[in-house]
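Written below as structure tokens is the structure these notes are about.
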Amino acid sequence: MLMWVRKRIEVSPLDLANGLGYCVMPGDRQTTMQQIAEWWQSDHALVCLSVRSGFDLLLHSSGWPRGSEIIMSALTIPDMPRIVHENGMVPVGVDIDLQTMTPDVEEIRRRINPRTRAIVVAHLLGGLCDIGPILELARQHDLLVIEDCAQAFVGCGYQGDPSADVSMFSFGPIKTNTALGGAVMHVRQPVLLEQMRRGHDQWRYQTRLTFGRRIMKYGFVKAISTGPVCGGIYRFLKLFGRNHDGVASSMARGFAGPRFFDKIRRQPSMPLLRLLHYKLGNFDSSSTDHRSELGQRFAESAGEGVYVLGLEMQRQTFWVLAILVEEPRSLVRKLWDSGFDASNSCSLHAIFDDEDAVAARILQHIVFLPLHSGMPESEVLRMAELVRNASTQIPLFAEAGQAAQSDLPAARGTPQVVAKPHYEEASLAEPVTR
Ligand SMILES: *Cc1c(COP(=O)(O)O)cnc(C)c1O
């Protein structure tokens, strides 16, 4: 039995071999840093061990007093608010819009007070939020705007919205074009960048040995996550009444276990920098474009009755394909039995406890589906059919969808997502007025 894995680790055997080579012959740090910055055409890039490292460094370097408030998209990975807490600050979650996954500007306006220092917008699922209105609001209140582009890498040197103060890109194991770690922070505030550089220099280096081990680990994970092997593991664990889902997600975790802050507060090792440079130089955006097309085909074929998340985002690349259904668990089981490694266990986290919040309802009803450029279209369509037959539109979300459709320029069936990305357009898009 074949099983389409949910998340493919985007490294080739050649990438892994090169990575091991760099562990043996590391090369020069300054040169490699420069090459990475040149690839981005950025004179304000700081390369960190991970986005979490860079975000921690940013807050630490900010000079903001204890008790400062950081407004954040309500849905993000749990480590992000955790890092805010660790720095003595308070994460303030702002609910997101169901169609665009963008934090609501009016709610942000209400949450701003004299203690507020920054707004962190997470571009989720591989699409982009329109941050124009948020930027405008932030300017009025002298707040920093930080874009979390961890899920939104598309190559072509796209370095985030040029008006954002900070844009953060991740190359962690499950991210697009991974280098098995690493992050690029574009910091457009010279003083802050200088502070961050200084703080970063105080950190110890990730050792070559640590990174070498990481390469071996993910080489192994990659090997067992091929279709036939994954199918075999699924059947094997099922015999023992267990499922593969927990096993898989614990292996995908970047800095598992205790001493989290000790692990993230490191500078990247030399081989990591070189692998990152190599991966950037060899990135082929056609695979992201193809994934984006497959996601569109899925959405069209699944039809109106299936709510595909993030369809109205800008430049949607479907880094993950997620739908909302009434009964996530039963659909997931059914998909497993048909060879699709779906999941309803979520690595995302809602920053507040309000049950009625969109963020919380998404988490209750979300199902992640496998999608990557290596899947044949016929399989994507088979998956769409399974989903179509199994799901019923959730009344709450159906209403939200229809209400929003009437004031959106395009209806759900014909999303305004461009399959071929236009970066200038995406970053200079006019603010939507609501
Ligand atoms: C993966 C991810 C991060 C963390 O990136 P690392 O480089 O692994 O620290 C942060 N935010 C979001 C939304 C992510 O998906």
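The lone criterion from (1) open to solvent by less than 10 Å² (accessible area, probe 1.4 Å); (2) closer than 18 Å to V166 by Cβ left unmet by H60 is number (1).
Taking segment 163-178 as the range and being assigned to a strand (DSSP E or B) and within 11 Å of the ligand (Cβ to nearest atom) as the test, the residues that pass are M168, F169, S170.
Count of segment 179-213 residues, restricted to those that are in a loop (DSSP other than H, G, I, E, B) and farther than 30 Å from G132 by Cβ, is 6. So which residues in segment 268-291 are within 18 Å of the chain's Cα centre (by Cα) and outside any helix (DSSP H, G or I), if there are any at all? The one that is within 18 Å of the chain's Cα centre (by Cα) and outside any helix (DSSP H, G or I): F283.
Cβ-Cβ contacts under 9 Å between residues 6 or more apart (or on different chains), taken from a first residue in segment 169-196 that is in the same structural domain as Q151 (by TED's automatic domain parsing) and free of Cβ contacts under 8 Å to residues at least 24 places away in the same chain to a second residue that is assigned to a helix (DSSP H, G or I) and away from the ligand (no atom under 13 Å from the Cβ), are listed as E194/S61. When we screen G181, G160, G155, G127 for residues that are under 30 Å from M216 (Cβ atoms) and either more than 10 Å from the ligand (Cβ to nearest atom) or open to solvent by 10 Å² or more (accessible area, probe 1.4 Å) (or both), the only hit is G155. W64 fulfils the conditions (1) touching a strand residue (DSSP E or B) at 6+ places or on another chain (Cβ under 6 Å); (2) part of a helix (DSSP H, G or I) except for a single criterion, (2). Hey, could you check segment 74-88 for residues that are in a loop (DSSP other than H, G, I, E, B) and open to solvent by 10 Å² or more (accessible area, probe 1.4 Å) and say which is farthest from the ligand (Cβ to nearest atom)? Taking the candidates together, the pick is G88. The set of residues from segment 40-65 being under 12 Å from V187 (Cα atoms), within 14 Å of the ligand (Cβ to nearest atom) and in contact with a Lys or Arg (Cβ under 7 Å, 6 or more places away or on another chain) comprises just one member, L46. Screening L193 with (1) in contact with a His (Cβ under 6 Å, 6 or more places away or on another chain); (2) on the phi > 0 side of the Ramachandran plot gives one miss only, at (2). Selection of segment 103-119 for residues being open to solvent by 10 Å² or more (accessible area, probe 1.4 Å) and touching a helix residue (DSSP H, G or I) at 6+ places or on another chain (Cβ under 8 Å) yields V105, R109, I112. Only one of the listed residues (R66, R52) is at pLDDT 95 or above, farther than 15 Å from D201 by Cα, among the basic types (K, R) and surrounded by fewer than 23 Cβ atoms within 10 Å (Cβ to Cβ). That residue is R66. Of the numbered criteria (1) at positive phi; (2) modelled with pLDDT of 95 or more, the one G155 fails is (2). Against the list (1) open to solvent by less than 10 Å² (accessible area, probe 1.4 Å); (2) closer than 19 Å to A45 by Cβ; (3) not basic (K, R), the condition Y278 fails is (1). If only residues of segment 188-214 that are more than 16 Å from the ligand (Cβ to nearest atom) and within 30 Å of V320 (Cα to Cα) are counted, the one that is surrounded by the fewest Cβ atoms within 10 Å (Cβ to Cβ) is R213. Can you pull out every residue in segment 237-275 that is more than 30 Å from V184 (Cβ to Cβ), at pLDDT 70 or above and surrounded by fewer than 15 Cβ atoms within 10 Å (Cβ to Cβ)? Passing the criteria: only K238.
Yes/no matrix, rows are residues, columns are (1) in contact with a strand residue (DSSP E or B) (Cβ under 6 Å, 6 or more places away or on another chain); (2) open to solvent by less than 30 Å² (accessible area, probe 1.4 Å):
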{"site": "S286", "(1), (2)": "no, no"}
{"site": "F298", "(1), (2)": "no, yes"}
{"site": "L311", "(1), (2)": "no, yes"}
{"site": "Q316", "(1), (2)": "no, yes"}
{"site": "F340", "(1), (2)": "yes, yes"}
{"site": "S347", "(1), (2)": "no, no"}
{"site": "D356", "(1), (2)": "no, no"}
{"site": "A359", "(1), (2)": "yes, yes"}
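The numbered conditions (1) open to solvent by less than 10 Å² (accessible area, probe 1.4 Å); (2) assigned to a strand (DSSP E or B); (3) more than 16 Å from the ligand (Cβ to nearest atom) are all true for A138 except (2). Check S12 against each of (1) farther than 17 Å from T176 by Cα; (2) free of Cβ contacts under 8 Å to residues at least 40 places away in the same chain and name the one condition it does not meet. Unmet for S12, out of (1) farther than 17 Å from T176 by Cα; (2) free of Cβ contacts under 8 Å to residues at least 40 places away in the same chain: (1).
When residues in segment 259-270 are screened for being touching a residue at least 40 places away in the same chain (Cβ under 8 Å) and either within 16 Å of the ligand (Cβ to nearest atom) or within 26 Å of H372 (Cβ to Cβ) (or both), 8 of them pass. Can you confirm whether R109 is in contact with a Leu (Cβ under 9 Å, 6 or more places away or on another chain) and outside any strand (DSSP E or B)? Against the criterion (in contact with a Leu (Cβ under 9 Å, 6 or more places away or on another chain) and outside any strand (DSSP E or B)), R109 qualifies.
The values are calculated or read from the model by the stated rules, or taken from the named source; none is laboratory data. Predicted model, so just to flag it, every value in this text is computed and none were measured. Note: ideal-geometry Cβ built from the backbone for every residue, glycine included; neighbour counts use all protein chains shown. For accessibility, only protein heavy atoms count, side chains too; no ligands or nucleic acids. Shrake-Rupley method; radii C 1.70, N 1.55, O 1.52, S 1.80 Å.
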